[in-house]
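Colleague: Have a look at the structure that comes next, please.
All of the numbers you see were taken from the coordinates with simple rules; none came from a lab. What you see is a predicted model; the values in this text were computed from it and never measured. Heads up, the Cβs are rebuilt from the backbone with ideal geometry, glycines too, and the neighbour counts pull from every protein chain shown.
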Amino acid sequence: MNLTTKTRGWLVSVPFFTALPDEALALLAQCVVERRYRAGEIIFLEGETFAGLHIAISGTLKLYSVSERGREHVLMVVSEGDSFNEVPLLDGGPNPVNCAALDDAVVWVLSGEGIDDVCRRFPALREMLITNVTTRCRQLIKQICRLSFLSVTGRLAAFILNHSNGEPVLAREWTGAELAASLGTVREVVSRSTSELQRLGLIEVNARRIHILDRSGLEELAGF
């Protein structure tokens, strides 16, 4: 892929590529392979050989793990402009999680070999990768704390806030199964928690679309 204005714009939207010179961005652009996925399609699996650095261009995807009993837990939801699967770039290991498309999605994939080559020429890139991964670690620590200390209703409040992007209505419709997998619970409990948030006047649900009525109330419940 050539370094067009559009390609450059997408690359610099990734935090650890933002400060790179055009020479480095041109090398990265040559590593890009564009892939398209249908909703529900698997992008890569945990434990498989490193599938490359991914950038979501459109759609929504989930990073998740599956227990021995087959229970799924969503670790992170990524959408347009988000990068993911960076860890193997630093430790040389396999994919640390599974990834699947929640909606039809377009994803750019950059090979590990190509990024390693850019890192050798521009060592600052590896430092920026480390900074990005540590930021993700902090986010996961906060998520673990919510799972440990918050009720499911509190976790649901935090989920709604985190996926609202500051807007009064969540852009995406979330199924009960998707919410349950993200909150570490089951659909029945999610349904009761949703009803509780509506009873408190914090949200309203119309045609599976969540509307925020009282953001400060949600923040208090989520411990923000």
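Colleague: Could you tell me how many of the residues in segment 152-202 are outside any helix (DSSP H, G or I) and either under 30 Å from Ser58 (Cβ atoms) or in contact (Cβ under 8 Å) with a residue 24 or more places away in the chain (or both)?
Modeller: Summing the residues that are outside any helix (DSSP H, G or I) and either under 30 Å from Ser58 (Cβ atoms) or in contact (Cβ under 8 Å) with a residue 24 or more places away in the chain (or both) in segment 152-202 gives 16.
Colleague: Now for a separate question. Please go through segment 73-88 and pick out each residue that is touching a Lys or Arg at 6+ places or on another chain (Cβ under 9 Å) and either farther than 17 Å from Leu110 by Cβ or aliphatic (A, V, I, L, M) (or both).
Modeller: Of everything in segment 73-88, those that are touching a Lys or Arg at 6+ places or on another chain (Cβ under 9 Å) and either farther than 17 Å from Leu110 by Cβ or aliphatic (A, V, I, L, M) (or both) turn out to be Val74, Leu75, Met76, Val77, Val78, Ser79, Val87.
Colleague: Which members of segment 159-197 meet the condition of being among the β-branched types (Val, Ile, Thr) and under 17 Å from Gly70 (Cα atoms)?
Modeller: Once the filter is applied, which keeps residues that are among the β-branched types (Val, Ile, Thr) and under 17 Å from Gly70 (Cα atoms), segment 159-197 yields Thr185, Val186.
Colleague: Also: Quickly run through segment 132-143 and pick out the residues that are of a type in the set (Val, Ile, Thr) and surrounded by fewer than 11 Cβ atoms within 10 Å (Cβ to Cβ).
Modeller: Those that are of a type in the set (Val, Ile, Thr) and surrounded by fewer than 11 Cβ atoms within 10 Å (Cβ to Cβ): Thr134, Ile141.
Colleague: Okay, next question. Filter segment 1-24 for residues that are surrounded by 12 or more Cβ atoms within 10 Å (Cβ to Cβ), small (Gly, Ala, Ser) and more than 19 Å from the chain's Cα centre (by Cα) and give the result.
Modeller: Ala19, Ala24 - these are the residues of segment 1-24 that are surrounded by 12 or more Cβ atoms within 10 Å (Cβ to Cβ), small (Gly, Ala, Ser) and more than 19 Å from the chain's Cα centre (by Cα).
Colleague: Considering Phe149, Phe159, Phe122, which residue is buried (at least 16 other Cβ atoms within 10 Å of the Cβ) and closer than 30 Å to Glu204 by Cα?
Modeller: Of the residues listed, the single one that is buried (at least 16 other Cβ atoms within 10 Å of the Cβ) and closer than 30 Å to Glu204 by Cα is Phe159.
Condition check ((1) among the acidic types (Asp, Glu); (2) buried (at least 21 other Cβ atoms within 10 Å of the Cβ); (3) more than 30 Å from Ser164 (Cβ to Cβ)) across all residues:
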{"site": "Glu48", "(1), (2), (3)": "yes, no, yes"}
{"site": "Ile57", "(1), (2), (3)": "no, no, no"}
{"site": "Glu72", "(1), (2), (3)": "yes, no, no"}
{"site": "Val109", "(1), (2), (3)": "no, no, no"}
